[in-house]
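Below: the structure, in structure tokens.
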Amino acid sequence: MLKVMKLSKTFQSADTKVKAVDEVSFELSDGVFATIVGKSGSGKSTLLALLGALDKATSGEIYVGGENITKMGDMKLISYRRNKIGFVFQGYNLVPNLSALENVMLPMEFAGKNHPTQVKRAKVLLAEVGIDETKSKRLPAKLSGGEQQRVAIARALANHPSLILADEPTGNLDSATGDVIIKLLKDLAKKEKTTIIAVTHDSTMSAKADQHFTMKDGKLT
Ligand SMILES: Nc1ncnc2c1ncn2[C@@H]1O[C@H](COP(=O)(O)OP(=O)(O)OP(=O)(O)O)[C@@H](O)[C@H]1O
Ligand SMILES: [Mg+2]
């Protein structure tokens with residue numbers, strides 16, 4: 001469950017002031033796949049950075065699973081990012097010298113899970129995203145873009161996050177592969193009972209979402 005109340009982020013430099021996120025409020029239940037569309041510069045990535053606690057809001061509140069992350073101290077925020085949030089990026093961002101399986105195990109290693117638990121969960125997740133055992137042993141460079149993004153999605157789910165944030169997850173993929181990834185995100189939100197928010201320029205992707213938003217000049221509608 002995600003609840004955002006009057007969230008704002010202003011970037012201030014010597015001569016200019018940009019309200020990148022402007023009093024945004026919305027709520028999403030567990031299991032929901034939501035998309036945000038909007039022009040370049042409308043504030044989409046800034047909003048995701050606030051939700052993922054990668055950046056601090058100027059004002060407003062964010063509740064994730066009942067906890068107000070805008071009130072958390074730095075130590076709690078580190079644990080929040082590690083355990084409650086999964087990130088998926090346009091460029092996959094897999095660790096190049098680790099196999100697909102090891103990439104999915106990595107967040108669990110950071111979270112202090114034991115090795116057998118890591119292997120078991122990573123295998124389940126890779127199967128869920130459609131990466132077979134042979135491919136799970138390969139390095140990212142030996143996988144297609146769509147396969148790498150599947151691995152990245154499995155990695156994002158590793159620690160049972162409350163929220164997954166995806167910035168242009170299909171941006172580097174052809175439209176057919178992108179469609180498959182979107183369907184996968186929607187199904188996984190339900191199956192893993194997590195909330196997934198994806199930013200996209202692609203209107204066919206947002207048409208498939210459970211809920212979709214448009215961002216314009218920092219406002220969300
Ligand atoms: N660190 C920063 N310092 C100053 N201004 C920033 C910073 N980050 C973003 N902005 C400004 O905030 C506004 C929103 O940027 P943001 O990156 O959120 O847009 P976006 O919707 O993700 O765009 P795109 O579709 O191009 O990725 C823009 O005007 C941008 O220039
Ligand atoms: Mg962006």
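The values are calculated or read from the model by the stated rules, or taken from the named source; none is laboratory data. Worth saying up front: this structure is predicted, and the values here are computed from it rather than measured. Cβ sites come from the backbone with ideal geometry, for glycine too, and all protein chains shown count toward neighbours. In case anyone asks, the SASA skips ligands and DNA or RNA and just uses the protein heavy atoms, side chains included. Shrake-Rupley method; radii C 1.70, N 1.55, O 1.52, S 1.80 Å.
Of the set (1) open to solvent by 60 Å² or more (accessible area, probe 1.4 Å); (2) in contact (Cβ under 8 Å) with a residue 60 or more places away in the chain, all apply to HIS115 but (2). Every listed requirement among (1) farther than 18 Å from THR195 by Cα; (2) of a type in the set (Lys, Arg); (3) open to solvent by less than 30 Å² (accessible area, probe 1.4 Å) is met by LYS17 save one, (3). Filtering region 40-67 to residues that are surrounded by fewer than 17 Cβ atoms within 10 Å (Cβ to Cβ) and within 21 Å of LYS193 (Cβ to Cβ) leaves TYR63, GLY65, GLY66, GLU67. Regarding region 25-38, can at least one residue be identified that is under 13 Å from the mean Cα position of the chain (by Cα), within 16 Å of ligand 1 (Cβ to nearest atom) and not hydroxyl-bearing (Ser, Thr, Tyr)? Yes, that holds for at least one residue. With the requirement that a residue be more than 16 Å from ligand 1 (Cβ to nearest atom) and either more than 15 Å from the chain's Cα centre (by Cα) or of a type outside the set (A, V, I, L, M) (or both), what does region 190-204 give you? Correct list: LYS190, LYS191, GLU192, LYS193, THR194, THR195, THR204. State whether the residues of region 164-177 include one that is touching a residue at least 40 places away in the same chain (Cβ under 8 Å), closer than 24 Å to ARG81 by Cα and among the acidic types (Asp, Glu). Yes, region 164-177 contains a residue that is touching a residue at least 40 places away in the same chain (Cβ under 8 Å), closer than 24 Å to ARG81 by Cα and among the acidic types (Asp, Glu).
Screening THR214 on (1) more than 16 Å from ligand 2 (Cβ to nearest atom); (2) outside any helix (DSSP H, G or I); (3) in contact with a strand residue (DSSP E or B) (Cβ under 8 Å, 6 or more places away or on another chain); (4) open to solvent by 20 Å² or more (accessible area, probe 1.4 Å) shows it passes everything except condition (1).
For the residues LYS76, LYS135, the requirement of being more than 22 Å from LEU50 (Cβ to Cβ), touching an Asp or Glu at 6+ places or on another chain (Cβ under 9 Å) and not in a loop (DSSP other than H, G, I, E, B) singles out LYS135. For region 198-209, a residue qualifies if it is open to solvent by 70 Å² or more (accessible area, probe 1.4 Å) and in contact (Cβ under 8 Å) with a residue 12 or more places away in the chain, and the qualifying residues are HIS201, SER203, THR204, LYS208.
Do you know which residues across region 140-164 are of a type in the set (Gly, Ala, Ser), buried (at least 22 other Cβ atoms within 10 Å of the Cβ) and in a helix (DSSP H, G or I)? Steps first, answer last, please.
Of the residues in region 140-164, the ones of a type in the set (Gly, Ala, Ser) are 141, 144-146, 152, 154, 156, 158, 162.
Subset that is buried (at least 22 other Cβ atoms within 10 Å of the Cβ): 152, 154, 156, 158.
Scanning region 140-164 gives ALA152, ALA154, ALA156.
Of all the criteria given as (1) under 19 Å from the mean Cα position of the chain (by Cα); (2) within 16 Å of ligand 2 (Cβ to nearest atom); (3) open to solvent by 80 Å² or more (accessible area, probe 1.4 Å), the one not satisfied by PHE11 is (1).
Would you confirm, using the coordinates I've provided, whether GLY65 is within 16 Å of ligand 2 (Cβ to nearest atom), of a type in the set (Gly, Ala, Ser) and within 19 Å of PHE87 (Cα to Cα)? Walk me through it before giving the result.
Values: within 16 Å of ligand 2 (Cβ to nearest atom): no; of a type in the set (Gly, Ala, Ser): yes; within 19 Å of PHE87 (Cα to Cα): yes.
It is false that GLY65 is within 16 Å of ligand 2 (Cβ to nearest atom), of a type in the set (Gly, Ala, Ser) and within 19 Å of PHE87 (Cα to Cα).
Looking only at residues of region 165-180 that are touching a helix residue (DSSP H, G or I) at 6+ places or on another chain (Cβ under 7 Å) and polar (S, T, N, Q), we find that the one that is most open to solvent (accessible area, probe 1.4 Å) is ASN172.
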